[in-house]
Structures are given as C-alpha cells and as structure tokens.
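Worksheet for the structure shown next.
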C-alpha cells in the first residue's frame, strides 16, 4: 500500500496491532483525566457547601449581635438612671456598670467572630473563583483530547494514511494530556492544601483520638474521617481542633452514638459561638439537660442556643448554671421547656432565676 506526500510516493506497512495498543493506552489516559475532572468537580461542590455553611453561621451571628446591642443599650440606660437616683458608687450603680461592660465585651467578641467569618468567606470565594476558572480550562482540554482521539480512530480506518500522518495526530494529543495534568493539578491547588492535602493532620488527629479515648485503630480512623468531614464543612480552625471536639463530646455526652458525632460537634461549635463559652462548659450544660430532663442532644442544643439568643446568658455563665441547677428544676417538677420559659419571663422563682442569669 502507498500514499502520496507531495510528489514523493512512499510504500508503508501499518502495524494495526501496535497502533491499536497505542490507541488503547490513549483511551486509558482519557478515562483517567475524566476521573480526575470528576473528583475536582466534587471538590467544587463541597467547597460551595462550605461557603454556604459559613454564611449561615454569619446570619445567625448577626441576630446574636443585634440582641447584644439592644441589651447593651438598655444596660447603659439603667446604669445612667442608677447614677441619677442612687448615686455614683452605690451598690446598684456598680452592679449595672459591671453588667454593662460585660455585655459590651460579649458584643465585641461576637463582632470579632463575625469579621473573621467574613474574611473566611471572602478567601473561600476567591479560591472558588480561581478554581472554576481552572476547571473551565480543564474541561476545554478534555473536550479537545476526546476530539483528537476520535480523529485518530477515523484515520486508522482509512488505509490510505501513513504512519507519519497518524504520528502527527498522536503527538499533539500527548501534549494535550500533559497540559490536562497541569490544569487538573492547578484546579486542586486552587482549593488549597488545607482542603485536599491534609493527610498529616488526619493522621495526627487519629493518633490523638486513639490515645485520649483508648479507641481501637479502626475506631480512631473512623473518628478522624469524621473530623476531616466536619472541618471541610467549615467548622473549627483545624482538623486537630475538630478531633479534640469529638473527644470532648465522647467524654461529656455518654449517650451519644458515634454515628451522630458530625451533627453533635457542629451543634456544639454553634453554641460556643453564640455564648462565647469554651467547648467543655457548653457540653456540660448540654449533658445536664439530657440527663436531668431525658431529652435528646438536638433538643438540648436548641434550648441552649435559643435561650442564649433571648438574653439568658447575661452573666456569660448559662452553660455552667444549667449544668449545676437543672437537677433542682427537675426535682421541682419542671420540664426543660418550662424551665427556660420561666427564666425568659423572669416572673416567678426569682431567687433561683437571679442565680441562673
């Protein structure tokens, strides 16, 4: 068989078997590139979910700050009134002064948290914008690779084409695969090493969890994976911090099934953001509600978060007080919802209310 190249006639023999092997290898490369593209696309979806969660936290915090601002204004008015009626330096004036500055401090902490959330959202949105641009490039490259493969396959069916013609088709495809690898790597890099290259943090968290809980390697590995998922959803400063939260949930809330750790840990982080308390204090309060009133963790978190948002954390000790006094409320015949209703209304049981708020 021969082919005409200009005026030169060259006799060639096409080894169909070798060429088919080359095409099969190229097809495998196309499939691998497609799989990488799907993986990076899943990363985009997860990153979007992370941003949405941060925005939900920010919205919740806006309500907290609004409530704290109202409380601060009222305390300032009461303080000024006490100065006029009771005199500067009176017991009531000093008490209101302390409450006012404590309220201001709590509001400033909330504002700082709000600002930090805003910065995290801006960074993630910038990363996502870059990632989408890289993904668009990769999609274009993948399409061209597929088109080139189809072209070569058609050429194989045409016995009139020479080896040199086919080589000219395959060579740019090799360059395309190299380019695709670079673009895919760029796509993953845009998400950030913290999101996709956290293997060491996961290993460290697994070791920490195994040591502190006395868990088996299999259990610790499962908990570390949960920590990674929770962190990827926008909770905690690091995988290690989330792993520490899982340990504290396990130690403080004995009735929680490990399969529920994701939801419980995220609720615990929400509560600490609302009240400004540390995780152990928050979990002690939750445990007090669960043990003394026989309610679920979801119900306990709901009562505590709504109670704090409605002004029951004036002393900044809501969790500690609930942990200490919830048993007394239960012994007095109250249910959890009744206890919080009394505290919010502030109309009866004033001696006990004054201790708790």
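Distance from a point 7 Å along Cα→Cβ of residue 338 to each backbone N in the range 264-308: keep the residues under 13 Å and list them by number.
Within reach of a label on residue 338: 293.
Measuring from label point to label point, each 7 Å out along Cα→Cβ, what is the residue 207 to residue 254 span in nm?
Once both label points are built, they end up 3.1 nm from each other.
Go ahead and run the numbers for FRET between residue 69 and residue 94, Cβ-Cβ distance against an R0 of 22 Å, rounding to 0.05.
0.45
Going by how many other beta carbons lie within 10 Å of each one, how would you line up 212, 56, fewest first?
Final ranking by Cβ density, sparse to dense: 56, 212.
Here, each number is a calculation from the coordinates, and none is a lab measurement. It should be emphasised that the depicted structure is a prediction, and the values quoted were computed from it without experimental measurement. All Cβ positions, even for glycine, are placed from backbone atoms using ideal geometry, and neighbour counts span all protein chains on display.
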